[in-house]
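Single-structure report; data block below.
The values are calculated or read from the model by the stated rules, or taken from the named source; none is laboratory data. All values reported here derive from a predicted model rather than from experimental measurement. Neighbour counts run over all protein chains shown; Cβ positions are idealised from the backbone, glycine included.
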Amino acid sequence: MRAIVNTPATGGVAFAEVAEPLPADGEVLIEVKAVSVNRGEILNLPGSPEGWRPGWDVAGVVLESSNGFTAGQRVVALSLADGSWAERIAVPAEAVAALPDAVGFAEAATLPVAALTALRLVRESGTLLGRRVLVTGAAGGVGRILVQLASAAGAEVTAVARNAARAKGLNELGAAAVVTEIDAADGPFDAVYESVGGTSLASALNLVGPGGTVFSYGNSSGESTPVDFFQFFGGHEQAVLRHFVFVTGAQVGPDLAALARLVADGRLDVGVSFTKDWAHVEEALTAVRERTVAGKAVLTIG
Ligand SMILES: NC(=O)c1ccc[n+]([C@@H]2O[C@H](COP(=O)([O-])OP(=O)(O)OC[C@H]3O[C@@H](n4cnc5c(N)ncnc54)[C@H](OP(=O)(O)O)[C@@H]3O)[C@@H](O)[C@H]2O)c1
């Protein structure tokens, strides 16, 4: 079958013939119909070996009935073992969920990484009812979904998006305020969802209120941040700087099912703004890398 493989020598990816997946006990064999491109996958490409196969998101159709899923069933799944940018993949059944008819494959492809990360960040925050939250990278794949889920949970959301065109629609999605740089945000905040790193993380630590939490869940800028004990005095006492990864906890399948229901009910807009056949993979990688898309870029297969 065909798959996209890493070619670090050329600084990109290529198509290659690879072995068919052989589902182990407890796995479901899926024909992949769509994947989305995550910044994390792009960040992993240069440091990974030649031939490494990227891809965490899976939206597709079950090929063989097994483990509670039936052949022909439309599903969404998370492949933590990478390799979903391929025609077929085998995924552990606990990371697979049935897809309602109302949810297209392109929308579904955004759920395993981007939407699951947003869901779990919000859940880890405890109650957000009446809380003030700040979302950096709010025009990005995770950010747009975070704005919606935090707002739906009752928070007053401030969104940071550097570019006015990409920030379009964030108010309608639930942001009470949209700013083009973090230092223009009106703190203090009970929770900050921070994924840019560098000076953005430094500013987040200046904007978190006493006992609040800065969730550091990414470093899109690639810059580091000095952190000092004394900077927490003067209004940030007992604040928490928390490292966050979305695979914390189990229950991937049920969480994907919950997210798919939100999309089906029209309560979650996953923000797909680029959808092309996977032959255009390099174009999608460039668009996400250089942030010329708002929200998510999706590749369709077959
Ligand atoms: N911890 C986890 O489990 C987890 C899970 C998923 C993603 N992540 C991380 O979370 C971050 C967001 O992921 P994503 O897939 O939503 O990425 P994305 O779609 O590329 O969004 C990144 C956002 O950050 C903004 N940004 C601000 N400064 C930036 C800079 N210097 N370089 C690049 N982007 C910058 C972008 O641009 P504009 O403001 O210009 O629009 C964009 O809105 C990434 O760092 C990713 O690796 C972590």
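Computed values, structure above
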| item | result |
| --- | --- |
| Any chance HIS280 is free of Cβ contacts under 8 Å to residues at least 40 places away in the same chain, within 16 Å of the ligand (Cβ to nearest atom) and not aromatic (Phe, Trp, Tyr) | no |
| Scan of the range 274-300 for residues that are part of a strand (DSSP E or B) and of a type in the set (Phe, Trp, Tyr), ordered by number | PHE274 |
| Any hit, the range 110-120, residues being surrounded by fewer than 24 Cβ atoms within 10 Å (Cβ to Cβ) and more than 9 Å from the ligand (Cβ to nearest atom) | yes |
| Condition check for THR199: on the phi < 0 side of the Ramachandran plot, surrounded by fewer than 19 Cβ atoms within 10 Å (Cβ to Cβ), among the hydroxyl-bearing types (Ser, Thr, Tyr) and without any contact (Cβ under 8 Å) to a residue 24 or more places away in the chain | no |
| Filter result for the condition that a residue is modelled with pLDDT of 95 or more, under 13 Å from the mean Cα position of the chain (by Cα) and not small (Gly, Ala, Ser), over LEU134, LEU119 | LEU119 |
| Segments classed as helices (runs of 4 or more DSSP H), wholly inside the range 148-227, with at least 2 members that are more than 13 Å from the ligand (Cβ to nearest atom) | 170-173, 199-207 |
| Count of residues meeting criterion [surrounded by fewer than 20 Cβ atoms within 10 Å (Cβ to Cβ) and touching a Gly at 6+ places or on another chain (Cβ under 6 Å)] in the range 252-281 | 1 |
| Breaking point among (1) modelled with pLDDT of 95 or more; (2) under 30 Å from ALA59 (Cβ atoms), for GLN238 | (2) |
| Residues (in a loop (DSSP other than H, G, I, E, B) and among the β-branched types (Val, Ile, Thr)) located in the range 228-265 | VAL245, VAL247, THR248 |
| Residue within the range 36-59 that is of a type in the set (Val, Ile, Thr), more than 19 Å from THR117 (Cα to Cα) and modelled with pLDDT of 95 or more present | no |
| Every residue from the range 2-19 that is surrounded by fewer than 19 Cβ atoms within 10 Å (Cβ to Cβ), under 26 Å from THR275 (Cα atoms) and modelled with pLDDT of 95 or more | ARG2, THR7, ALA14, PHE15, ALA16, GLU17, VAL18 |
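Listed here are the residues, each with its yes/no results for (1) assigned by TED's automatic domain parsing to the domain that holds VAL76; (2) of a type in the set (A, V, I, L, M); (3) under 19 Å from the mean Cα position of the chain (by Cα).
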| site | (1), (2), (3) |
| --- | --- |
| GLY234 | no, no, no |
| ALA239 | no, yes, no |
| GLY253 | no, no, yes |
| LEU262 | no, yes, yes |
| THR275 | yes, no, yes |
| ALA279 | yes, yes, no |
| GLU282 | yes, no, no |
| LEU285 | yes, yes, yes |
